[in-house]
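The values are calculated or read from the model by the stated rules, or taken from the named source; none is laboratory data. Source: prediction; values computed, not measured. Note that we place each Cβ from the backbone using ideal geometry, even for glycine, and neighbour counts take in every protein chain shown.
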Amino acid sequence: MHRDAKISTSKVKVQTWALPWAQAPALNLSSVYEKASIGDTLPQAYDSFTPKNAIKRRAGIILHPTSLPGPYGVGELGGEARLFVDWLVTAGMTCWQMLPLGPPDPMFYSPYSGTDANCGNPLIISIDELIQEGLIHAKDAPANVSVGNIDYPAVMAAKTPALRIAADRLLEDIKFKDLREEMIAFRKLNPWIEESAVFDVARNLPELSTMAWWDWPESLRFRDPEALKTFQEEHKQAIEEFIAIQFFFDRQWKAIRAYANSKGVDIIGDMPIYVGGHSADVWSNQDLFELGPTGLPANVSGVPPDAFSETGGRGVRAVGVGKL
């Protein structure tokens with residue numbers, strides 16, 4: 001049984017079509033769709049249309065960069081990533097699909113519940129690439145870790161000091177003046193990073209690190225302008241380090257993407273349906289989300305029961321209010 005439908009702003013209206021497929025007329029569906037408007041009746045063979053760009057079949061692999069073998073306990077955007085691209089090419093693959101690349105939440109380290117939709121995960125910054133650039137001395141690198149399951153807290157504890165050393169060197173060493181100018185341009189081009197930096201520095205303070213932002217002191221929680229100004233002045237160095245580290249991520253990620261593309265491999269990205277509740281996105285845009293009087297999300301996303309869970313799951317990702 002085949003179907004005929006009308007384009008609708010809310011849902012597709014479907015009715016049955018009794019003729020066998022063999023009797024369906026040959027149509028130039030591409031031209032039909034180009035001229036279609038809301039409310040128009042679609043042709044009887046609408047569900048068989050295949051776009052021209054899908055004629056060539058492709059194959060690829062989904063592999064998050066964290067799952068690459070890495071010398072410091074986690075996969076990185078360095079030599080191992082390029083070797084994986086090379087392997088994809090020899091295997092006849094043309095796609096590399098990844099999970100979201102944002103900084104993961106500090107409880108479950110899930111890429112689907114990150115602390116910032118705009119930022120990159122600092123854990124996958126290649127330490128060896130920074131050593132090659134002279135931003136880190138070999139003696140400052142973390143100890144090598146055998147390939148195995150990722151111990152995220154241990155990786156974070158080991159890599160963060162090295163990344164801060166690289167950030168400070170970029171910010172202060174005259175040798176990196178040109179690279180510092182690139183970072184300044186990156187900062188100007190991405191003004192959202194100012195809010196991201198304040199949030200990340202705040203959430204990592206010892207006195208706030210075990211709290212969600214809606215449990216922070218009210219002046220910081222609700223973004224009192226004077227409190228924010230004071231916080232930025234008191235934590236200026238840490239804020240600039242955060243921005244420098246995000247600059248490292250941006251450079252390395254773009255280099256890997258360019259390398260893959262140069263080899264004929266396309267990157268397929270991914271993103272969560274909702275942003276994390278404990279995130280810079282919600283904290284800095286509270287009017288765009290359904291929050292209670294304390295800031296706690298009033299509605300969060302979830303999933304129904306399925307083959308993986310008899311009871312489904314309740315997420316911690318905040319639901320927006322539909323504003324733009």
- Task: Output the qualifying pairs, or none if there are none: Cβ atoms under 8 angstrom, residues six or more apart or on different chains, first residue in region 188-204 and at pLDDT 95 or above, second residue hydroxyl-bearing (Ser, Thr, Tyr) and buried (at least 21 other Cβ atoms within 10 Å of the Cβ).
- Result: PHE199/THR115; PHE199/SER279; ASP200/THR115; ARG203/THR115
- Please name all residue pairs, on different chains or six or more residues apart, with Cβ atoms under 9 Å, provided the first residue is in region 291-313 and is in contact (Cβ under 8 Å) with a residue 60 or more places away in the chain and the second residue is among the polar types (S, T, N, Q) and not in a loop (DSSP other than H, G, I, E, B). GLY295/GLN286
- Query: Does GLU226 satisfy being under 21 Å from ASN118 (Cα atoms), of a type in the set (Asp, Glu) and part of a helix (DSSP H, G or I)?
  - Reply: no
- Task: Please indicate, with yes or no, whether at least one residue in region 252-270 is within 18 Å of the chain's Cα centre (by Cα) and farther than 30 Å from ARG164 by Cα.
- Result: yes
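Do the conditions hold for ILE165, that is, is it at pLDDT 95 or above, over 20 Å from the mean Cα position of the chain (by Cα) and of a type in the set (Val, Ile, Thr)?
On the way: at pLDDT 95 or above: yes; over 20 Å from the mean Cα position of the chain (by Cα): yes; of a type in the set (Val, Ile, Thr): yes.
Considered against the rule, which asks whether it is at pLDDT 95 or above, over 20 Å from the mean Cα position of the chain (by Cα) and of a type in the set (Val, Ile, Thr), ILE165 comes out as yes.
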- Given the structure, is GLN252 in the same structural domain as ALA91 (by TED's automatic domain parsing), in a helix (DSSP H, G or I) and more than 23 Å from TYR112 (Cα to Cα)? no
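Would you kindly identify the helices (runs of 4 or more DSSP H) lying entirely within region 102-207 that contain at least 3 residues that are over 19 Å from ALA238 (Cα atoms)?
Result: 127-132, 152-172, 177-189.
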- Residue pairs within 8 Å by beta carbon, gap of at least six or interchain, first lying in region 56-84 and free of Cβ contacts under 8 Å to residues at least 24 places away in the same chain, second in a helix (DSSP H, G or I), listed first then second, are LEU68/GLU80; LEU68/ALA81; LEU68/PHE84
- Pick from region 260-275 the residues that are in contact with a Lys or Arg (Cβ under 7 Å, 6 or more places away or on another chain) and more than 14 Å from LEU99 (Cβ to Cβ): which of them is surrounded by the fewest Cβ atoms within 10 Å (Cβ to Cβ)? TYR274
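Just a yes or no: is a residue in region 100-110 of a type in the set (Ser, Thr, Tyr), more than 13 Å from GLN246 (Cβ to Cβ) and in contact (Cβ under 8 Å) with a residue 60 or more places away in the chain? Let's see the steps before the verdict.
First pass over region 100-110, keeping only residues of a type in the set (Ser, Thr, Tyr): 109-110.
From what's left, more than 13 Å from GLN246 (Cβ to Cβ): 109-110.
Filter once more, keeping what is in contact (Cβ under 8 Å) with a residue 60 or more places away in the chain: none.
Looking for residues that are of a type in the set (Ser, Thr, Tyr), more than 13 Å from GLN246 (Cβ to Cβ) and in contact (Cβ under 8 Å) with a residue 60 or more places away in the chain, one finds none in region 100-110, hence no.
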- Query: Checking GLU241 against (1) under 30 Å from PRO161 (Cβ atoms); (2) touching a Phe, Trp or Tyr at 6+ places or on another chain (Cβ under 9 Å), which test does it fail?
  - Reply: (2)
- Query: So which residues in region 208-220 are surrounded by 15 or more Cβ atoms within 10 Å (Cβ to Cβ) and part of a loop (DSSP other than H, G, I, E, B)?
  - Reply: LEU208, MET211, ALA212, TRP216
